[in-house]
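Here the structure comes first, spelled out in C-alpha cells, and everything after it is commentary.
The values are calculated or read from the model by the stated rules, or taken from the named source; none is laboratory data. These numbers were taken from a predicted model, which means no experiment stands behind them. Here the Cβ positions follow ideal geometry from the backbone for every residue, glycine too, while neighbour counts run over all protein chains shown. Accessible surface is based on the protein model in full, side chains and every heavy atom, while ligands, DNA and RNA are left aside. Shrake-Rupley method; radii C 1.70, N 1.55, O 1.52, S 1.80 Å.
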Amino acid sequence: MAARVLDGTKIAAEIRAEVTAQAKTLGLSGVRPGLAVVLAGNNPASETYVRGKVKSSKEVGLYSEQHTPPESATTEELLALIDDLNRRDEIDGILVQLPLPPHVDAKRVLLAVDPAKDVDGFHPLNVGYLSTQRPGLVPCTPAGVMEILQRSQIPIAGQEAVVIGRSDIVGKPVAMLLLNRNATVTVCHSKTRDLPGVCRRADILVAAIGRAGMVTRDYVKPGATVIDVGINRITDRQEFDRLFGWNKGANQKREEAFLAKGSTLVGDVHPEVAEIAGAITPVPGGVGPLTIAMLMANTVKAAMQRRGLKHPELTRI
C-alpha cells in the first residue's frame, strides 16, 4: 500500500491563515509586526528566497523591508546595520540571508542579532531556550517538521525517532524538539555504524543530509513516518533514472518536466520509500513550504513576546 502523503503546502496555508489572523488582531491594537531581511552580495538563489519571504510577509499583513548591502560590504558595515535594526522598535524580526560574502565573518554577524528578534532561531540564547524547554524562537524548518507531524496527527510521545544529519540548522534542533515531545531520539551522521540498521528502528525518520535519494527502502521500517527535509536539484539523466526509473508510469509527468527544464527537485529520500512507509512528505510540497510559513509565525511571535503579550502556540493538538 502506498504511503499517506503529508501535504506541506496545505499545512503551510493553514499556518499562514492563522498568522494573518494574529497580525490583524495585533493591528487593531496599533502593532504591526515588522521583518527586516538582510541580503548581502549577489547570490541568485538567495535573491529568489528573499523575494519569496518579503512577498509572504506582505501577504499575511506584516511590515517588511529588505536591506541589500553590496558584495564588498565589510563585517563591520554589516554589524553596524544589524545594530541599527536591533534598535528600531518597529522591527520585530531580523533575518540575515546566508551565505554571506566569503570575506564576511558570518558568525559575528549572526551573533550580533538581538535574540528577541532572531526569527531564524540560530542565536545561542535561543538554542539554549530550546534545549531547556523555555519560551524562545525556534529554527523555522525544524518547527515546520513538528507542525507537519502534529497537524497530521502522527504520534510522537513514546515513539522512536531517528534524525539523519546533525547540522545546527536542522538536525540538532529537530532532535531537541522531538525529545521535548517525549520521543526517544537517535541522531545519525557520517560516522554512524550500520546506518540503515539504526534507521530501520525508527517510527519517525527525519532525513536532513543533503544527498539526493540516499535513504532507500533498506533504511525504513514498514509503516514508519518519513520526513524528507532535503531539497536537491539534479540535472543528470542517469541520476534521474536511478531515482525515478523504477516506476516510469507514475513518474511520466516528472520525466517530461525534467526533459523540458533539464532539472528536477528531489529530496534525501528515494521515491521508492513511499511503497513501504506509512506516511511521507513529498519533495517539493512537503517541508519546504513550512519554512517560510514558520518564519512569518516567528515574526508575529517575536512581536508579541517583545511587548509582553501571551503568544498562543500554533498547533491545535
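The table below gives the values:
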quantity: Surface accessible to a 1.4 Å probe, residue 49 within the full protein complex, Å²; calculated: 130
quantity: Heavy-atom surface of the range 1-49, accessible at 1.4 Å and reported per residue (Å²); calculated: 53
quantity: Fraction of antiparallel bridges per DSSP, the range 169-317 only, in percent to nearest 5; calculated: 30
quantity: Relative contact order, percent, the range 1-142 [alpha-carbon distance under 8 Å, six or more residues apart]; calculated: 21
quantity: In Å², nearest 10: area of residue 148 left accessible to a 1.4 Å probe; calculated: 0
quantity: Net dipole in debye of the chain [+1 Lys, Arg Cβ; -1 Asp, Glu Cβ; about Cα centre; nearest 20]; calculated: 660
quantity: Accessible surface, per residue, of the range 256-296 when the full set of protein chains is kept, probe 1.4 Å, Å²; calculated: 33
quantity: Over the range 99-150, relative contact order from alpha-carbon pairs under 8 Å, at least 6 apart, %; calculated: 26
quantity: Carbon and sulfur %, accessible surface of the range 107-226 computed with the full protein complex present, 1.4 Å; calculated: 52
quantity: For the chain: relative contact order, % (alpha-carbon pairs under 8 angstrom, 6 or more apart); calculated: 23
quantity: Beta bridges per DSSP with both ends in the chain, % antiparallel, nearest 5; calculated: 10
quantity: Dipole axis of the range 216-316 (+1 Lys, Arg; -1 Asp, Glu on Cβ), positive-most option in 297, 245, 258; calculated: 297
quantity: Stretch gain in nm, segment residue 157-residue 42, where the contour uses 0.36 nm per residue and the Cα spacing is subtracted; calculated: 37.0 nm
quantity: Helical mean residue ellipticity (222 nm; -39500 (n - 2.57) per DSSP H run of 4+; nearest 500) of the chain; calculated: -12500 deg cm²/dmol
quantity: Simple spin-label estimate for residue 180 and residue 237 in nanometres, 7 Å along Cα-Cβ; calculated: 4.9
quantity: Filter on 10/301; 55/117; 221/301 - keep pairs with C-alpha separation over 29 Å; calculated: 221/301
